[in-house]
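The values are calculated or read from the model by the stated rules, or taken from the named source; none is laboratory data. Please read all numbers here as calculations on a predicted model, not as lab measurements. Neighbour counts run over all protein chains shown; Cβ positions are idealised from the backbone, glycine included.
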Amino acid sequence: MADAILTMEEIEKSFPGVHALDHVHFDVRRGEVHALMGENGAGKSTLMKVLTGIYTKDYGTITYEGKEVSFNNTREAQDAGIVIVHQELNMIGDLTVAQNIFIGREFMKGFKIDDKKMIEESKKLFDELKIDINPRDKMSDLTVGKQQMCEIAKAISHQAKVIIFDEPSAALTEKEIEDLFTIIRDLREKGMAIVYISHRMDEIKVITDRVTVMRDGGYVGTLITKDCTKEDIINMMVGRVIYEDPKTESKVPKDAPVVLKVEHLNAGRMVQDVSFELRKGEILGFSGLMGAGRTETARALFGADPKTSGDIYINGEKVTINSPQDAVKHGIGYLSEDRKRYGIVVQKTITENSTMATLEKYMSGIFINKSEEKKITEHYIEELATKTPSADQLVVNLSGGNQQKVVIAKWLVRDCDILIFDEPTRGIDVGAKNEIYKLMNRLASEGKSIIMISSEMTEILRMSDRIVVMCEGKKTGELDISEATQEKIMNKATRDIA
Amino acid sequence: MTKKKSIITDQRFIVLLVIIALVVIYMIFSPEFRQYSSILSMLDFSYYDILMAIGVTFPLITAGVDLSIGTGMVCYALVAGRLVRDYNCPVLVAMLICVLFGAIVGLANGTLIGVMGLPPFLATLCTCMITRGISSMVMATPWPTNKQPGGWFHSIFKLTFGTGRNALKLPVGFLVCVALVLLMEFVLNHTKFGRYTIAIGSNKEALMLSGVNVKIYHVMAYVVCGIFAGLAAIAYAAVVPTVQPGTGAGLELDAIGGVFVGGVSATGGYGSVIGTLVGVFVIVLLKTGLPYVGLQANWQQIITGIVLIGAVMIDVAKRRRMAKEQ
């Protein structure tokens, strides 16, 4: 590996309770495009953040151009020639393209910024990259694709030697991706080292030279792209982990009534023609990689985001859902993946949270009937085994798992028959996870129907009766639990080789 | 060039048409308004609004606000006034003290907001109260009325040739204001300070990731605002008969309203100082002009409110259209 410009060895990084990186190895050579792959949470982004100085490593060495380095912030990494092009673009929309490219290092003429020179230099950069962008245009007027080109131009203007692309194609159109690849190939010709993070299998095959796969914060292996197949990579990504008591077959009778039917749901780019059915007493798992459009589907179904078209039937009857109020009226409850933002009001008591969606039921005239409210809350505290000294406890004092139970109680008080759990166990410790699982199983056996969106393969295989797999806003497959394997799911969750 | 868009869709142009319309209406309905002296007195009362508005344009572009400029202005004027009256301080020094005092309050605001992370509304509300308190303390005895021409800072804003009814009066103050507007428009568009002010309002995070010391520029936006509040204090003392402690609260809202009418984005990131000038003029015309056409001054508040809603709605519509085009 004499020609490696950058080598990371034995990288260790822990966050409280999480071993994020475990002896990870990674290297990239001059004139190569090196893919970094792995499931959600495998540690790709963390590794790159350690490299560019956003995180400090606990252990390990980073060798760059033959010298051991350690950057304290992105600026230092940038100055050394390691630049990251983020998935979320860091652009200042109200400034022009040229002003953005040279932000923080403007050319000056005394007190006056030399905009003319900045425009000229930007033009030179764009000519070099063969990109057609007017440096005088306002950044917010450009398409996402063009904005990304500007980020690349900015990276190159930093005299970059290593460029890291973090899921660059996620927001791009086919044509823009082609343009991006042309640029990347060009940069490779010029001897630049490129790290390419992506979930898209077809792109990996087209653009990269080597692939490094990570799993659960660990290094799995590195392959030469042209010698491997999609299956090889998937096998490395999912590994051979033995999953905790996976469901082998569904106990939901085949003729159970369909309580919810969604037909041809469309809502923007993230939800394209999604159709599925949910049966009584069933847990329907939604699997897919980050940005597959699962949450967006749920939000469109729930009326939280506008939909462009699509029909929703509840118990065989066509219904109109244009707002969360409509959805709640039809007995749909949504437990957001971001509990703190959308699920609960942490500075209020369990009682206040539990009856938040149902307050009109507990009114005597214009006053809230506190004793009734407390009675129902205590009923559900017992029912869900929520650990709390009393119903008057502030939700902020509860653990993550118990907070989740308060959200569940809120929808049960509301008599919801269809519950959408979006990442129900995110940020919850293992013991509490099991309790949530038990509770979901019990709710299903009592006749509630559940849609469960989850990024954890274990969870999907353990809980679901059927699994819907999504990829880039489209439903790419539906599997019965009896036939589902992690390889099959991952295969459908990643794009096919074109 | 950068400004490819037609002049018609420029908010500043629309506002200019509003100004012309207002002036024409006033002139038709009020013979009094047609007199040169009326226009002069209207201009007199516009200077402090314009100066405050120029300053507050900068915090507003950073998506912040400065509520302390109104009470601050009165406070600086009182301090300077007492120095002149009771301590024989030269007028020029008193004026410098106005500006210096403004800069110090601006520095305090900026530090609270840019360095310590307080919400701008809260931080400047506090300094608003503090400056009002200082005003009352400074003012031990009533401020002498000062109506004679050429007194205090008057001459800076209006050069008078001759005496009596036939005296020729030139609104120098207006020219000073226009010059300052042009200067600050240049600062906004062609210096680092101006560019980073816009960037803070547009995407502070991105600016920070670009390695810029955001705090310094964030503080500077408030210092500049404070300096202009100090300049406004000079203009205020020059035109009002009596500077009274306890007044000034509410004046900042005229200036802030004017800035928004002039097209500064309510969410920060976009604005121009020339826009501020025309915007604040609409406010001034409504404030001082409506009595000429027989409307109670109270109407000014109502109509200003409506005009402001219109201006902000244009901004919201613009943003929505841009989001749609994406």
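Is it the case that segment A:32-53 has a residue that's within 14 Å of another protein chain (Cβ to nearest Cβ), closer than 27 Å to A:G218 by Cβ, at pLDDT below 85 and not in a loop (DSSP other than H, G, I, E, B)?
No, because not a single residue in segment A:32-53 is within 14 Å of another protein chain (Cβ to nearest Cβ), closer than 27 Å to A:G218 by Cβ, at pLDDT below 85 and not in a loop (DSSP other than H, G, I, E, B).
Filter segment A:74-91 for residues that are more than 21 Å from B:G269 (Cβ to Cβ) and facing another protein chain (nearest Cβ under 8 Å) and give the result.
A:T74, A:R75, A:Q78
Mind checking which strands (runs of 3 or more DSSP E) fall wholly inside segment A:247-312 and carry at least 3 residues that are charged (D, E, K, R)?
A:271-279
Here are some residues: A:E174, A:E151. Which one is of a type in the set (D, E, K, R), assigned by TED's automatic domain parsing to the domain that holds A:G93 and modelled with pLDDT of 85 or more?
A:E151
Only one of B:G70, B:G64 is within 16 Å of the chain's Cα centre (by Cα) and farther than 20 Å from B:V284 by Cα; which?
B:G64
Being within 22 Å of the chain's Cα centre (by Cα), surrounded by 21 or more Cβ atoms within 10 Å (Cβ to Cβ) and touching a residue at least 60 places away in the same chain (Cβ under 8 Å) is the filter here; which residues of segment A:408-445 pass it?
Scanning segment A:408-445 gives A:L419, A:I420, A:F421, A:D422, A:P424.
Could you tell me whether A:A160 is in contact (Cβ under 8 Å) with a residue 24 or more places away in the chain and either surrounded by fewer than 17 Cβ atoms within 10 Å (Cβ to Cβ) or in a helix (DSSP H, G or I) (or both)?
Judged against the criteria, A:A160 is not a match.
Can you tell me which residue within segment A:138-152, out of those that are part of a helix (DSSP H, G or I), within 10 Å of another protein chain (Cβ to nearest Cβ) and of a type in the set (A, V, I, L, M), is surrounded by the most Cβ atoms within 10 Å (Cβ to Cβ)?
Here the answer is A:M139.
Would you pick out the residues in segment A:442-498 that are part of a helix (DSSP H, G or I) and under 19 Å from A:F421 (Cα atoms)?
Those that are part of a helix (DSSP H, G or I) and under 19 Å from A:F421 (Cα atoms): A:R442, A:L443, A:A444, A:S445, A:M457, A:T458, A:E459, A:I460, A:L461, A:R462, A:M463.
On the basis of being closer than 15 Å to A:G285 by Cβ and either without any contact (Cβ under 8 Å) to a residue 40 or more places away in the chain or touching a Ser or Thr at 6+ places or on another chain (Cβ under 9 Å) (or both), does A:M470 make the cut?
yes
Touching a Cys at 6+ places or on another chain (Cβ under 9 Å) and at pLDDT 85 or above: does that describe B:E252?
yes
Can you tell me which residue in segment B:270-320 is modelled with the highest pLDDT, limited to those that are among the hydroxyl-bearing types (S, T, Y) and more than 18 Å from B:C177 (Cβ to Cβ)?
B:Y270
For A:D94, all conditions in the list (1) over 21 Å from B:G194 (Cα atoms); (2) at the interface with chain B (Cβ under 10 Å from one of its Cβ atoms); (3) surrounded by 19 or more Cβ atoms within 10 Å (Cβ to Cβ) hold save one; what is the number of the exception?
It is condition (1) that A:D94 fails.
To keep it simple, each residue is scored yes or no on (1) within 21 Å of B:S68 (Cα to Cα); (2) outside any helix (DSSP H, G or I); (3) more than 14 Å from every other protein chain (Cβ to nearest Cβ).
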| residue | (1), (2), (3) |
| --- | --- |
| B:E252 | yes, no, yes |
| B:A255 | yes, no, yes |
| B:A266 | yes, yes, no |
| B:Y270 | no, yes, no |
| B:V284 | yes, no, yes |
| B:P291 | no, no, yes |
| B:I302 | no, no, yes |
| B:V307 | no, no, yes |
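Of the conditions (1) surrounded by fewer than 21 Cβ atoms within 10 Å (Cβ to Cβ); (2) under 29 Å from A:D255 (Cα atoms); (3) not aromatic (F, W, Y), A:G333 fails just one. Which one is it?
For A:G333, the failing item is (1).
Quick check: is even one residue across segment A:114-132 basic (K, R) and within 7 Å of chain B (Cβ to nearest Cβ)?
No, segment A:114-132 has no match at all.
From A:I5, A:I54, grab the single residue that is in contact with an Asp or Glu (Cβ under 9 Å, 6 or more places away or on another chain), surrounded by 15 or more Cβ atoms within 10 Å (Cβ to Cβ) and among the hydrophobic types (A, V, I, L, M, F, W, C).
Answer to the check: A:I5.
Report the residue count in segment B:41-73 for those that are part of a helix (DSSP H, G or I) and either in contact with a Lys or Arg (Cβ under 6 Å, 6 or more places away or on another chain) or β-branched (V, I, T) (or both).
7
Cβ contacts < 6 Å: first residue more than 18 Å from B:G201 (Cβ to Cβ), restricted to segment B:117-138; second residue part of a loop (DSSP other than H, G, I, E, B) and hydrophobic (A, V, I, L, M, F, W, C), any location; separation 6+ or different chain. Result?
Note: pairs meeting the criteria are B:L125/B:L67; B:C128/B:L67.
For segment A:151-174, which positions are β-branched (V, I, T), over 17 Å from A:L36 (Cβ atoms) and over 25 Å from the mean Cα position of the chain (by Cα)?
Passing the criteria: only A:I156.
Which residue pairs have Cβ atoms closer than 6 Å, lie 6 or more positions apart in sequence or on different chains, and pair a first residue in segment A:101-113 that is within 7 Å of chain B (Cβ to nearest Cβ) with a second residue that is assigned to a strand (DSSP E or B) and among the hydrophobic types (A, V, I, L, M, F, W, C)?
A:E106/A:I113
Whether any residue in segment A:63-72 is within 14 Å of chain B (Cβ to nearest Cβ) and either aromatic (F, W, Y) or crowded, with 21+ Cβ neighbours inside 10 Å (or both) is what I want to check.
Yes - at least one qualifying residue is present in segment A:63-72.
Pairs, please: C-beta under 9 Å, at least 6 apart or cross-chain, first residue more than 8 Å from chain A (Cβ to nearest Cβ) and farther than 20 Å from A:E151 by Cβ and in segment B:189-213, second surrounded by fewer than 19 Cβ atoms within 10 Å (Cβ to Cβ) and not aliphatic (A, V, I, L, M)?
The qualifying pairs are B:G194/B:F186.
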